[in-house]
């Protein structure tokens, strides 16, 4: 096999994290069954590690406390080998600072905290809502990562009747369409809102019994009832509702 | 204790081991993230997220596949690159390009952060690469561009960039003597 043409030749870009999207996934599939490529990537990674170490700096003050406080609350992934880990969360200590809670939320939900200035107000309200759900003594989480790369994570508080949901890894909806999140169960599916990329969505009225979350593609602005097929679905056990 | 011993303890839920690990790697994680993202506030956030991911996902580390430090810094680099690409896609591509044109890729940060022996060696060795090798490697690794973007920015064919990335890294290895890591 020639290491300098075809898929093998992407070992350099791969070692530099310079592949993305479909090309990255394709190369990783190739890598899984190409021993010489694995060998080459391993060697090249040693070189990129030198580049990484040459960039070493000093972590800002305050970061240590935030991270160590968050770690006291944040549970670890339980079965590392399993492809679809479910998340668990201990009740957050009441005294934990808002910054720490936001950090925990970010870690759990894959939320990026930094936003552009003009979106800050809306997001502060959202960050507060997220922090409130997380800080609830009855906060619980569930989630799943699917083979196609999409993932759903839910943190809910039955006491508040609220939940924070993130759906990630979906392709953007076609022009003029939106992704809409639904809660299905007994009765008609209920809209929880429109998704904005990977942004967390606060479901303000998250009550029910066992059911499922589903995402569909709907005309711009959403529909009253789902018209499209579910792109992703997550079954919810009754305990997310506190039953 | 080194990162290779600490990480498995962290995977067992040992918070003391995590504190020690934090002391060992937080500067390297933050420095690398900062090198890619430039913005201190964003860098701090991403570095924090990476450190928490270390805690949560320590069990995913497989010593068969490399050192703990390599695993940690690979994670940090990927998260930084994801963030910088998302930010670029969102907006300021043009502005960044303009800014980059005025700042040599490596020297800039070398001034910002404390000098180190290894940094000095890496810099010297980067200087020994051909211009195309050096630019291909640093635009990808330190600026988070995909190899397609690198090819576009340097106006060279994709195949050339792939090759320059690989042989640039290999030449770097020869120069650095393969020790450390």
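The values are calculated or read from the model by the stated rules, or taken from the named source; none is laboratory data. Owing to the predicted nature of the structure, the values given are computational and were not obtained by experimental measurement. No Cβ is skipped: glycine too gets one built from the backbone with ideal geometry, and neighbour counts run over all protein chains shown.
For (1) more than 7 Å from chain A (Cβ to nearest Cβ); (2) surrounded by fewer than 23 Cβ atoms within 10 Å (Cβ to Cβ); (3) outside any loop (DSSP other than H, G, I, E, B); (4) free of Cβ contacts under 8 Å to residues at least 60 places away in the same chain, each residue gets a yes or a no:
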{"site": "B:1", "(1), (2), (3), (4)": "yes, yes, no, yes"}
{"site": "B:10", "(1), (2), (3), (4)": "yes, no, yes, yes"}
{"site": "B:43", "(1), (2), (3), (4)": "yes, no, yes, yes"}
{"site": "B:50", "(1), (2), (3), (4)": "yes, no, yes, yes"}
{"site": "B:78", "(1), (2), (3), (4)": "no, yes, yes, yes"}
{"site": "B:81", "(1), (2), (3), (4)": "no, no, yes, no"}
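Residue-level check: of (1) at pLDDT 85 or above; (2) closer than 22 Å to residue A:148 by Cβ; (3) surrounded by fewer than 18 Cβ atoms within 10 Å (Cβ to Cβ), residue A:198 misses just (1).
Residues in the stretch A:55-67 that are at the interface with chain B (Cβ under 7 Å from one of its Cβ atoms) and either over 14 Å from residue B:33 (Cβ atoms) or touching a residue at least 24 places away in the same chain (Cβ under 8 Å) (or both): how many?
So the answer is 3.
Within the stretch B:26-49, being more than 16 Å from residue A:61 (Cβ to Cβ) and over 13 Å from the mean Cα position of the chain (by Cα) holds for B:39, B:42, B:49. Assess whether residue B:14 counts as being under 18 Å from residue A:59 (Cβ atoms), out of contact with any strand residue (DSSP E or B) (no Cβ under 9 Å at 6 or more places or on another chain) and free of Cβ contacts under 8 Å to residues at least 24 places away in the same chain. So residue B:14 does not fit the description; no.
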